[in-house]
């Protein structure tokens, strides 16, 4: 049925087809309705939502924390973690924590972050340069594939405008 139909006629048509009369656009005059199997519709919607949740990438940003006075072996372990995260396509936020008067030696933390940046320059690019925020110095590394695709998107947007 199409067009404007009385509510009683629409309900009768839905019962004859053994389906439900579902209001699609509420609050409109006249209300827009559709004859359908509502339980089947809900089931399909739940399946779509579940599938969308599976595909959703959770935890795109990983954080690796360290101190400015980190040992060589510990730095190697942290570097392997950073490499794993970057290879799986995740952004990595590297945080160097300072305690007390260590903030007066922020250059140690900056040198550490610059060293890490140079070590991963082949597979990652620096999205956020090292910056000091209180007792923390942070830097953000992005996998090269993502960084290149973001630059291309920005260039395309610039061309279209």
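The values are calculated or read from the model by the stated rules, or taken from the named source; none is laboratory data. Because the structure is predicted, anything quoted here is derived from the model rather than measured. Cβ coordinates were reconstructed from backbone atoms using ideal geometry, including for glycine residues, and neighbour counts include every protein chain displayed.
Data for the structure
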| item | result |
| --- | --- |
| Only one of 129, 93 that is in contact with a strand residue (DSSP E or B) (Cβ under 6 Å, 6 or more places away or on another chain) and surrounded by 10 or more Cβ atoms within 10 Å (Cβ to Cβ) | 93 |
| Failed criterion for residue 62 (all others in (1) within 18 Å of residue 134 (Cα to Cα); (2) touching a helix residue (DSSP H, G or I) at 6+ places or on another chain (Cβ under 6 Å) hold) | (1) |
| Residue match in region 35-42 (condition: surrounded by 10 or more Cβ atoms within 10 Å (Cβ to Cβ), assigned to a strand (DSSP E or B) and either modelled with pLDDT of 90 or more or in the same structural domain as residue 135 (by TED's automatic domain parsing) (or both)) | yes |
| Of all residues in region 99-123 being within 21 Å of residue 73 (Cβ to Cβ) and touching a helix residue (DSSP H, G or I) at 6+ places or on another chain (Cβ under 9 Å), the one that is surrounded by the most Cβ atoms within 10 Å (Cβ to Cβ) | 109 |
| Long-range neighbours under 8 Å by Cβ, at least six apart or interchain, first residue under 14 Å from residue 3 (Cα atoms) within region 18-39, second at pLDDT below 85 and assigned to a loop (DSSP other than H, G, I, E, B) | 35/1 |
